[in-house]
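Down below is the structure, laid out as structure tokens.
Bear in mind these aren't lab numbers, they're just calculated from the coordinates by the rules spelled out. None of these values were measured; they are calculated from a predicted model. Every residue, glycine among them, receives a Cβ derived from its backbone with ideal geometry; neighbour counts consider all protein chains shown.
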Amino acid sequence: MNTITLEQKEAFALQIEQLEEQAKKENDFEAKLELKDKIHNLKMVINGTKPVGSIDFECVGCGS
């Protein structure tokens, strides 16, 4: 499995913060759900449960 650098981890964390702020302001349920999905995918990459190159791909292993 690919490991991420500290710089990538910090960039993903910043992106997560921005997406969380955006999700707080979003009123459309589907748009909010999409933002939460992006946040979840980024957190999985940071935690090492999802390969770095698969941020935009669905998780085949867990069926999500």
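If Rh is defined by the Kirkwood formula over all Cα pairs and Rg also comes from Cα, what ratio Rg/Rh do you get for the range 9-49? Present the calculation step by step, with values, prior to reporting the outcome.
Details: Rg = 10.3 Å, Rh = 10.3 Å.
Rg/Rh: 1.01.
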Would you list which lysines come within 22 Å of LYS9, measuring only between C-alpha atoms, while excluding same-chain residues fewer than 8 positions from it?
-> LYS36, LYS38, LYS43, LYS50
If every Lys and Arg gets +1 and every Asp and Glu gets -1 at its Cβ, then about the Cα centre the range 9-49 yields a dipole, in debye to the nearest 20, of 140 debye
